[in-house]
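Asker: Please see the structure below; I have some questions.
The values are calculated or read from the model by the stated rules, or taken from the named source; none is laboratory data. Every value quoted in this text rests on a predicted model; they were computed, and no experiment measured them. Here the Cβ positions follow ideal geometry from the backbone for every residue, glycine too, while neighbour counts run over all protein chains shown. These area figures cover heavy atoms from the full protein model, side chains too; ligands, DNA and RNA do not enter into them. Shrake-Rupley method; radii C 1.70, N 1.55, O 1.52, S 1.80 Å.
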Amino acid sequence: MTSARSMINGDGRLKLAVQRSGRLTDHTLAMLHQVGLNFESYGQRLFSQTRNFPLSILYARDDDIPDYVVLESVDLGIVGRNLVHEQQVNVVELFALGFGYCQLVVAVPNDSPYQVPEDLLNARIATSYPESTRIFFSELGGTPEIVKISGSVEVAPALGVADAIVELTATGSSLQLNDLRPIHTILESEAVLIANRAALEDPVKRVSIDRLVMRLRAVDDAAKFKYIMMNAPEDRLPAIRAVLPGLKAPTVVPLADPGYVAIHTAIREDEFWEKIEELRAAGATEILVSALDKLLL
Ligand code: ATP
Ligand code: ZN
């Protein structure tokens, strides 16, 4: 029988640690499948082998992933940037993955007098992020008393355990529910792909890492653009082109109807509706829009 150790180590594959079960897991696995990696991820597996890419995936507690990467047990990891910051590990952030968005904030009870972090320089602060908290306040010249709590940090002020908290929030609803208001954002976080320097300096691993990052970027770029096709009278073309910065020049194809053309291009998701309105005003009709699966710029 092949041991887990020999499967994970020593076969020249890249090793990637991902969260086994938590907020990042579904998105992480979906993204890896979307870049064409073929592996089984059902159940409580310890690791998977990717069949069509030299990569093994290790499933772990997210808190352990930065250390696994730094200690070179794995080459790569996918974790929240908040954990990399908290653990102050020397890893390289290769790519921000665009999910798992959250903020590390300082929050205080609604009815407290505190307005800015400077009001808390000597306060007592409850948090699961003691190191991030210490660094933040020491940069302000403060040394608050930090109480480390591993869960339900939001109830600490109501229990009289702390004057304020430092906690992750995505929507702010948990803060609101506990009569807390955020007064400062310490860190903007999202899921990131991290690597250790040894892996990046290994020429063989480097090739696979670059391939993986290139694919992740293609998926990420595709999500930022829409593919758009429209018809227009040929004499409207200059007005339509003026609206379309697109990727480069749009593709213009003559239609069977004399004097009409079809125009194809990609436009940015974030300016999509604005552009559609301008295109209609410029004379475009039959505007057809579709999502892109991958985009290689
Ligand atoms: P594990 O069992 O792996 O240790 P966990 O309970 O510590 O999991 P999760 O709650 O699954 O961790 O959060 C994982 C990551 O998801 C966080 O480190 C953070 O980067 C991100 N995240 C996104 N939104 C939120 C949120 N609202 N609250 C907490 N974390 C969030
Ligand atoms: Zn955790």
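Asker: Just tell me which lysines come within less than 27 Å, Cα to Cα, of LYS275; anything on the same chain fewer than 8 places away is out.
Answerer: LYS224, LYS226, LYS248, LYS294
Asker: Further question on the same structure: So, in Å, what gap is there between the alpha-carbon centers of segment 266-286 and segment 23-56?
Answerer: Segment 266-286 and segment 23-56 have Cα centres spaced 37 Å from each other.
Asker: Note down the relative contact order for segment 44-85 as a percent, whole number, built from C-alpha pairs under 8 angstrom at least six residues apart.
Answerer: 26 percent
Asker: How much of the accessible area of segment 225-291, in percent, comes from carbon and sulfur atoms when a 1.4 Å probe is used?
Answerer: 54 percent
Asker: Please work out the average accessible area per residue across the chain, using the 1.4 Å probe convention, and give it in Å².
Answerer: With all protein chains present, the chain gives 52 Å² per residue.
Asker: Suppose every Lys and Arg Cβ carries +1 and every Asp and Glu Cβ carries -1, with no other charges. What dipole size does segment 145-221 come out with about its Cα centre, to the nearest 20 debye?
Answerer: Here segment 145-221 has a charge dipole of around 420 debye.
Asker: If you place +1 on the Cβ of every Lys and Arg and -1 on the Cβ of every Asp and Glu, how big does the dipole about the Cα centre of segment 239-291 come out, in debye to the nearest 20?
Answerer: Using only the charged Cβ atoms, the result is roughly 220 debye.
Asker: Separate question: In square nanometres, what is one fourth of the surface area of the convex hull spanned by the alpha carbons of segment 235-297?
Answerer: The number I arrive at for segment 235-297 is 4.7 nm².
Asker: Considering Cα pairs under 8 angstrom that are at least six residues apart, work out the relative contact order of segment 137-188 and quote it in whole percent.
Answerer: The value is 24 percent.
Asker: Now for a separate question. Would you look at the GNM of the chain, springs on alpha carbons closer than 10 Å, and say which of VAL219, VAL243, VAL74 moves the most?
Answerer: Top of the fluctuation ranking is VAL243.
Asker: Let me ask something else about it. What does the C-alpha gyration tensor say about the overall shape of segment 102-189? Classify as rounded when a/c is under 1.5, otherwise prolate if a/b is larger than b/c, or oblate.
Answerer: Here segment 102-189 falls in the rounded category.
Asker: Compute the relative contact order of the chain as a whole-number percentage, counting only Cα pairs closer than 8 Å that sit 6 or more residues apart in sequence.
Answerer: That works out to 18 percent.
Asker: Using a probe of 1.4 angstrom, how much of the accessible area of segment 102-189 is carbon and sulfur, in percent?
Answerer: Carbon and sulfur together cover 49 percent of it.
Asker: Continuing with the same structure: Taking springs between alpha-carbon atoms closer than 10 angstrom, which of VAL116, VAL213, VAL69 fluctuates most in the Gaussian network model of the chain?
Answerer: Of VAL116, VAL213, VAL69, the most mobile in the Gaussian network model is VAL116.
Asker: Right, something else. Under 23 Å Cα to Cα from LYS15, which lysines show up? Leave out anything in the same chain fewer than 8 places away.
Answerer: By straight Cα distance, LYS15 reaches LYS205.
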